[in-house]
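What follows is a set of notes on a single structure, which appears directly below.
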Amino acid sequence: MNRLRPLHSALFSRLHSNLVLKLFLLLALPTVVTAAYLAVQRTVVSPTRNVPANWFDHAIAFEPRWVWVYLSLYLLNPIGPLLTQSRKDLLRYARGILFLFATGCVCFLIFPVAGPRPTAPQGDWLYHRLILVDRPYNSFPSLHAACAVYAVLYATYASRDSSRPELRKFLLSLAWLWAGLILYSSIATRQHFAIDLVPGIFLGWLAQRIFFARGSEEIISGPELLAGGEVA
């Protein structure tokens, strides 16, 4: 009779696999994409467009304290890569992140949109630190939405060989909830218009499809994925 490995042992094995590459990616990817993101904000070469707020934007009150959830994306992003055992998958994940930001930066350059941030917003210290660094541009599409969706899709892929399907289902459901709260926070902090989220979500899905759907051991899509379930 086969017995499951203790959970802490299984997690340690996953974390330890390709550890040097994981540490390199955790340092290099944020550095590269943040530098590109901030550089584009400071190189506005086309007239900035303004997007009218819709009913969804008006329905969500401005609340700077949601910045804590907004920035929690940087805790969600590494979960999938840290659970990855395959070097090939780690490199494909990195290419997906670079694709997201390259596509986003091209859009920001040719179609710059100013976000809905108030002129003189009030908020806590973390919110003020954010707006000191992050200018109110690079709004459309929302890379926050793209990265949140891509993070959960990749975590779904990375955990496909889990021997604990019920635990996997539960944790992926929490991950989708987490991603949903990040999307909400992007509007509550007035970093984005609601309309910015739509192409961002699509971009995150597209990156997963391009780099993981073809030639993978398991094609994850449709209702099973959204439910966080196992795919037969």
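The values are calculated or read from the model by the stated rules, or taken from the named source; none is laboratory data. What you see is a predicted model; the values in this text were computed from it and never measured. When we count neighbours, we look across all protein chains shown, and the Cβ atoms used for this are built from the backbone with ideal geometry, even at glycine. Just the protein is used for accessible areas: all its heavy atoms, side chains included, with ligands, DNA and RNA removed. Shrake-Rupley method; radii C 1.70, N 1.55, O 1.52, S 1.80 Å.
Can you give me the angle between helix 7-16 and the longest principal axis of the chain, using Cα atoms only, in degrees from 0 to 90, rounded to the nearest 10? Computed tilt is about 70 degrees. Rounded, prolate or oblate for the range 60-131? Axes are the square roots of the Cα gyration tensor eigenvalues, ordered a ≥ b ≥ c, and the cut-off for rounded is a/c under 1.5. Because a/c hits 1.5 or more and a/b fails to exceed b/c, the range 60-131 counts as oblate.
With a Förster radius of 30 Å applied to the beta-carbon distance between residue 8 and residue 91, the computed FRET efficiency rounds to 0.65. Karplus-derived 3J(HN,Hα) values for the range 57-67, using 6.51 cos²θ - 1.76 cosθ + 1.60 with θ = phi - 60°, are 4, 5, 6, 9, 6, 5, 9, x, 5, 5, 4 Hz; glycine and proline are entered as x.
Which of rounded, prolate or oblate describes the range 12-85 when judged by the alpha-carbon gyration tensor and an a/c cut-off of 1.5? Oblate, because a/c is 1.5 or more while a/b does not exceed b/c.
The apolar share of the surface of the range 44-155, taken as the fraction of accessible area on carbon and sulfur atoms (1.4 Å probe, ligands and nucleic acids excluded), comes to 67 percent.
Scalar couplings 3J(HN,Hα) for the range 20-25, obtained by applying the Karplus form with A = 6.51, B = -1.76, C = 1.60 to θ = phi - 60°, are 4, 5, 4, 5, 4, 5 Hz; x denotes Gly and Pro. Note on the chain: Cα convex hull, mean projected area over all directions, 13.8 nm². Over the chain, DSSP H runs of length four or greater, each weighted -39,500 (n - 2.57), average out per residue to a 222 nm ellipticity of -19500 deg cm²/dmol. Close amide-amide hydrogen proximity is noted between residue 114 and 49, 51, each under 5 Å apart and 5 or more residues distant or on a separate chain (H modeled in the peptide plane; Pro and chain starts excluded).
Return one whole number: the accessible area per residue of the chain in Å², for a 1.4 Å probe. Write out the running numbers ahead of the final one.
On the way: 12420 Å² over 232 residues.
Ligands and nucleic acids excluded, the result is 54 Å² per residue.
If you run the Gaussian network model on the chain, springs between alpha carbon atoms under 10 Å, then out of 91, 132, 25 the most flexible one is 132. The HN-Hα couplings worked out from phi for the range 26-33 by the Karplus form 6.51 cos²θ - 1.76 cosθ + 1.60 (θ = phi - 60°) are 5, 8, 6, 4, x, 5, 5, 6 Hz, whole numbers, x standing for Gly and Pro.
Return the FRET efficiency for the residue pair residue 181, residue 38: r is the Cβ-Cβ distance, R0 is 25 Å, and the value is rounded to the nearest 0.05.
Numbers: r = 25 Å, r/R0 = 1.00.
Efficiency for this residue pair is about 0.50.
Just checking the listed ones, 16, 144, 192: in the Gaussian network model of the chain with Cα springs under 10 Å, the one fluctuating most is 16.
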